[in-house]
Amino acid sequence: MFILRRAQPPLSPQVTSCRSKQFVKYLQKRIAAAHEGLELGIGDASIIKALAEACGAKESQIKTRYKELGDLGLVAKASRSSQSLMRKPEALTVAKVFDTFRLIAKESGKDSQEKKKNHIKALLVAATDCEPQYLIRLLQTKLRIGLAEQTLLVALGHAAVYSEKHSSAPGHIDSPLEEAAKIVKQVYSVIPVYDKMVPALLTGGVWNLSKTCSFTPGVPIGPMLAKPTKGVSEILDKFQDMVFTCEYKYDGERAQIHYMENGLVEIYSRNAERNTEKFPDVKIAVSRLKKPSVTSFVLDCELVAYDREKQKILPFQVLSTRARKNVKLNDIKVNVCIFAFDILYLNGKQLLQEQLNIRREHLYSSFEEQHGYFLFATAITSNDLEEIQKFLETSVDSSCEGLIVKTLDRDATYEPSKRSNNWLKLKKDYMESIGDSLDLVPIAAFHGRGKRAGVYGAFLLACYDSNNDEYQSICKIGTGFSEAMLEERSASLRSKVIPDPKSYYRYAETINPDVWFEPAEVWEVKAADLTISPVHRAAIGDVDPEKGISLRFPRLLRVREDKSPEQATSSEMVAEMYNAQKLNQRDKQVENEDD
């Protein structure tokens, strides 16, 4: 296959670095970091056209074989292997394929789809043996190697240890492989760009990676996340003898705003996607309301729909009606207010290792507030149960979801991509049932019958186990859908259908869905409670050696377009929620017995 071919004589360090970066991106199934916003922008129709022209076949023939085999890659392999060639094509290389993919992604404007098709056709004409199969799967982002990003990061760390012939691990490290993997994961959470990490690993080694590859404005870091709690008393128990602060939890869109030295502003989602064109009004607001002494910053905030006349926060559903791309200022009908709660970088200095109270001081002294445009998150510092309860009620009355509670202790640093014990969240509906909602991935579906004929009648949802890099089934959901919602979700997932379940799906053999999906969407789901299940595999082994955890009476709240499947609720979190529920039930039982 083309990605294994090497040029002779031996490659220079610069070429090795370039090839390594490209190879890693193939494994990552991306051609660029998420924040670059560079996508191939091609569908199966364009790929089928290119394949038909490259093989001298009719599109109808390719489509028929695709239906029979269920894998366009296998169709490509069979079609090319049966075709005689006048001359042997020039061998494909990593660089050639990667550069062509970048060209495909950058084609735009008139005839762009035709140009993309021709690029694909040229690759297919040059492909031999099994190369067409993997080319097509790469173009479809269906490489099917059962590889999650955490596995790739661990592999990079291990490879760095094995390749460092002239540098041994520091003496205090007992397990170099584990420590190297930890370093790579940590650095990736701060600067998730393989173009920077791989060269740094090759030149400076893994033990210096945090020094040679650090937080950079213009590259979004993984946001710090909060753990759920079920009540104010639980917060007081967890933060006993600690100083902590409570902030409103706003119902908007998490955003990371980067303001560079040259005045350039970039806005990124919690999933590291570039949202700058979606919020031109936010760009203007932060540039206008920063103080003159501020030359650069990275702001962690929530963008919330806002009625400026009534000075009132609007629901998330209103914000979701805004256009996603190429938004013109004059066309904006839904205004947003920036609610800032943290600052991660200021005037050339990163603040991740600073305590929260210091970061807050920097935040408050760097911006001017203006109602409806830019406000600091409403906050109090208190450990009084009644005061916090009242503050929670006030936040709900102000159209917020609840509270985020944060420690102000010495270790209150910013922890990228981590659901930290230093941040707890308390939402208004947590006391109703299991506590937090869950973000789950639909991995399969069952055909609808009767009134639901023609759409999927139910879906199999899964949580994500980052330790084992697998999606574990947690429930079957089929109630609470309106007809329109069911049709919308069915239509969206039809393009994600795959012939067989992924090797990294974990489920009981007794579950027999009609179709399986690529892990592509994340759904926010609420349930009555969690229970031990002999059928589902969520957090199996954590609370029971042979059984998993499932949800009772799940219902869909919304689709989380700001999350990737690997950012779904973890199996570890599911186990924690189950244990918290069990503890809460036991406490209530004791209270009833006392009564």
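Among the residues of region 229-245, just one is under 16 Å from ARG419 (Cα atoms), outside any loop (DSSP other than H, G, I, E, B) and of a type outside the set (Lys, Arg), namely ILE235.
If I ask for residues that are buried (at least 21 other Cβ atoms within 10 Å of the Cβ), assigned to a helix (DSSP H, G or I) and touching an Asp or Glu at 6+ places or on another chain (Cβ under 9 Å), which ones from region 205-228 would you list? VAL206, the sole residue that qualifies. Can you confirm whether GLU518 is closer than 24 Å to ASP71 by Cβ and touching a residue at least 40 places away in the same chain (Cβ under 8 Å)? Taking the combined requirement at face value, the residue satisfies it. Against the test of being surrounded by 13 or more Cβ atoms within 10 Å (Cβ to Cβ), closer than 17 Å to LYS283 by Cα and modelled with pLDDT under 95, the options VAL327, VAL318 yield a single qualifying residue, VAL327. Within region 352-360, does at least one residue satisfy the condition of being within 18 Å of TYR306 (Cα to Cα), touching a residue at least 40 places away in the same chain (Cβ under 8 Å) and among the polar types (S, T, N, Q)? So far as region 352-360 goes, no, none of its residues is within 18 Å of TYR306 (Cα to Cα), touching a residue at least 40 places away in the same chain (Cβ under 8 Å) and among the polar types (S, T, N, Q).
What are the residues in region 209-263 that are over 19 Å from the mean Cα position of the chain (by Cα) and of a type in the set (S, T, N, Q), if any? Of everything in region 209-263, those that are over 19 Å from the mean Cα position of the chain (by Cα) and of a type in the set (S, T, N, Q) turn out to be SER210, THR212, SER214, THR216, THR229, SER233, GLN240, THR245, ASN262. Among the candidates GLN61, GLN83, GLN14, the residue that is surrounded by fewer than 16 Cβ atoms within 10 Å (Cβ to Cβ), modelled with pLDDT of 80 or more, more than 28 Å from SER108 (Cα to Cα) and not assigned by TED's automatic domain parsing to the domain that holds ARG494 is uniquely GLN61.
Given the structure, is ASP195 among the acidic types (Asp, Glu), over 25 Å from MET577 (Cα atoms) and touching a residue at least 60 places away in the same chain (Cβ under 8 Å)? In short, yes. Taken over region 365-382, the criterion of being of a type in the set (Gly, Ala, Ser) and either touching a His at 6+ places or on another chain (Cβ under 6 Å) or within 25 Å of LEU264 (Cα to Cα) (or both) is satisfied by SER365, SER366, GLY372, ALA377. Do we have any residue at all in region 353-364 that's surrounded by 21 or more Cβ atoms within 10 Å (Cβ to Cβ), closer than 24 Å to PHE244 by Cα, in contact with a His (Cβ under 9 Å, 6 or more places away or on another chain) and at pLDDT 95 or above? Within region 353-364, not a single residue is surrounded by 21 or more Cβ atoms within 10 Å (Cβ to Cβ), closer than 24 Å to PHE244 by Cα, in contact with a His (Cβ under 9 Å, 6 or more places away or on another chain) and at pLDDT 95 or above. Does LEU385 satisfy being farther than 20 Å from ASP300 by Cα and in contact (Cβ under 8 Å) with a residue 40 or more places away in the chain? Against the criterion (farther than 20 Å from ASP300 by Cα and in contact (Cβ under 8 Å) with a residue 40 or more places away in the chain), LEU385 qualifies.
The condition of being at pLDDT below 90, surrounded by fewer than 18 Cβ atoms within 10 Å (Cβ to Cβ) and over 22 Å from the mean Cα position of the chain (by Cα) holds for THR479. Evaluate region 470-487: report whether one residue or more is more than 26 Å from HIS536 (Cβ to Cβ) and either acidic (Asp, Glu) or touching a strand residue (DSSP E or B) at 6+ places or on another chain (Cβ under 9 Å) (or both). Taking every residue of region 470-487 in turn, at least one turns out to be more than 26 Å from HIS536 (Cβ to Cβ) and either acidic (Asp, Glu) or touching a strand residue (DSSP E or B) at 6+ places or on another chain (Cβ under 9 Å) (or both).
Which ranges mark the strands (runs of 3 or more DSSP E) fully within region 480-570 that have 2 or more residues being farther than 25 Å from ASN467 by Cα?
On the way: elements: 515-517, 523-526, 529-533, 548-552, 555-559.
The qualifying strands (runs of 3 or more DSSP E) are 555-559.
In region 434-476, which residues are of a type in the set (Val, Ile, Thr), part of a strand (DSSP E or B) and either over 26 Å from GLN150 (Cβ atoms) or touching a helix residue (DSSP H, G or I) at 6+ places or on another chain (Cβ under 6 Å) (or both)? VAL441 - this is the single residue of region 434-476 that is of a type in the set (Val, Ile, Thr), part of a strand (DSSP E or B) and either over 26 Å from GLN150 (Cβ atoms) or touching a helix residue (DSSP H, G or I) at 6+ places or on another chain (Cβ under 6 Å) (or both). Applying the condition of being of a type in the set (S, T, N, Q) and surrounded by fewer than 15 Cβ atoms within 10 Å (Cβ to Cβ) to region 390-415 and asking which residue is nearest to the chain's Cα centre (by Cα) yields SER398.
The values are calculated or read from the model by the stated rules, or taken from the named source; none is laboratory data. In this text, all values refer to a predicted model and were calculated from it rather than measured experimentally. Neighbour counts run over all protein chains shown; Cβ positions are idealised from the backbone, glycine included.
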